[in-house]
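The values are calculated or read from the model by the stated rules, or taken from the named source; none is laboratory data. Predicted model, so just to flag it, every value in this text is computed and none were measured. Ideal geometry is used to build each Cβ from the backbone, glycine not excepted, and the neighbour counts take in all protein chains shown.
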Amino acid sequence: MEDQPAGGDLTAVVQGLLEKYGQEAAPAQWRLATASPADGDPAVLTLAPGWSLLAAEADPARLPLLPWRHERRFQERKRLLDDGTVTPLLMCRFSCMTDGRTLDLAAVLYREFDLAEWLSGAPIEALEATIQAGRWANVILRLANGVVCGVEVGTALPAGTAMIDRHELIARSGVACDRLVDSQVPQHSIYTFTAAGPEVYTDTDAELFALPMESISLVRSAYDTLVHFSRADALRRQHARLAGLVGLAWQSDRHCERLAAEGAG
C-alpha cells in the first residue's frame, strides 16, 4: 500500500508524517535513534528513548523521549483515570519482565517509574527497593497523592523473548488493567502455526502498521515532540528526575531502607 512505511529508517518515517500533515519540525536538523547514539554532529538534535541516555552526560544535542506514553493501551488507562471512570485511585500493581538485552534493569525501572507518575498524575514521593543480582527488583512506591504502587521487574527471560508486562490500576470504583483479566502473557490479534514455528501479528496503528509496536510508539513520540517542541525542556526535566529515582532505588537496596525522592514535600 502506498501509505505503508517501508524499511527501518525511523527518521524517514517521522519525516513522512510531518510532510503528510503539513507540519515542520522546530529544530532545523534532527534525527531519531532507537538507542543511545554515538557522539555526532552537535548541530543535529538526536532524539532517543530516555532509558538509553541514562549513562550519558546531559547534552543539549540529545533529547530524551518517553515513547510508552504514546502506546494506546496506556493512553486509554490514563483516560479512565482522568475522566473519573475509575476513581479514586488507591493503588497500582505493575510488573515488567524482559530478556535484559534491549532493556536492562535500570531501563525497565526508568520506564515503570515514569508510567507510575504519568498515569497517576502524581510524582513519586518515596520508594523502598530490593534488588537481586542486578536482574530482579521489587519496589514499593509512595506517590504524592497517597497512592501506593508495587513494581516487580526482572530481566531474566530467555534471549529473544518479547517483553511481558502488566499494569493494574485499583480504585474504589473498579479496576483498570492493560491486559485481559485472566491472561498471564500479552495476547495477539493473529496467530499462525508454520513449519518454522508459531508467528504472531498485532496491528496497533493504521498508519504505521508495518512497524513493530515499540517503533510505532517511538515514532509517535518523536513526531509529537517535534511538532510541540516547547515540551522539550519538560522532557529533559523528567528524564533527570527519573534518572535520580533509578539511582535512589539502588541506594535504597544498599541501605535496606525507605528513601524520600528529591524534592518530595
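Overview of results
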| item | result |
| --- | --- |
| Residues located in region 48-78, provided they are in contact with a Leu (Cβ under 8 Å, 6 or more places away or on another chain), in contact (Cβ under 8 Å) with a residue 24 or more places away in the chain and not in a helix (DSSP H, G or I) | Pro49, Arg62, Leu63, Pro64, Leu65, Leu66 |
| Answer residue from region 187-227, given it is among the aromatic types (Phe, Trp, Tyr) and out of contact with any Pro (no Cβ under 7 Å at 6 or more places or on another chain) and is surrounded by the most Cβ atoms within 10 Å (Cβ to Cβ) among those | Tyr223 |
| Restricting region 1-43 to residues that are closer than 22 Å to Thr102 by Cα, part of a loop (DSSP other than H, G, I, E, B) and among the charged types (D, E, K, R), the residue that is modelled with the lowest pLDDT | Asp39 |
| Any strands (runs of 3 or more DSSP E) falling wholly within region 173-265 and containing at least 2 residues that are small (Gly, Ala, Ser) and in contact (Cβ under 8 Å) with a residue 24 or more places away in the chain | 174-177 |
| Residue within region 156-163 that is assigned to a loop (DSSP other than H, G, I, E, B) and hydroxyl-bearing (Ser, Thr, Tyr) present | yes |
| Residue match in region 119-137 (condition: touching a helix residue (DSSP H, G or I) at 6+ places or on another chain (Cβ under 7 Å), modelled with pLDDT of 95 or more, part of a strand (DSSP E or B) and among the polar types (S, T, N, Q)) | yes |
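Yes or no, residue by residue, for (1) out of contact with any Ser or Thr (no Cβ under 7 Å at 6 or more places or on another chain); (2) closer than 18 Å to Leu259 by Cβ:
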site: Val108; (1), (2): no, no
site: Pro123; (1), (2): yes, yes
site: Asn145; (1), (2): no, no
site: Asp205; (1), (2): yes, no
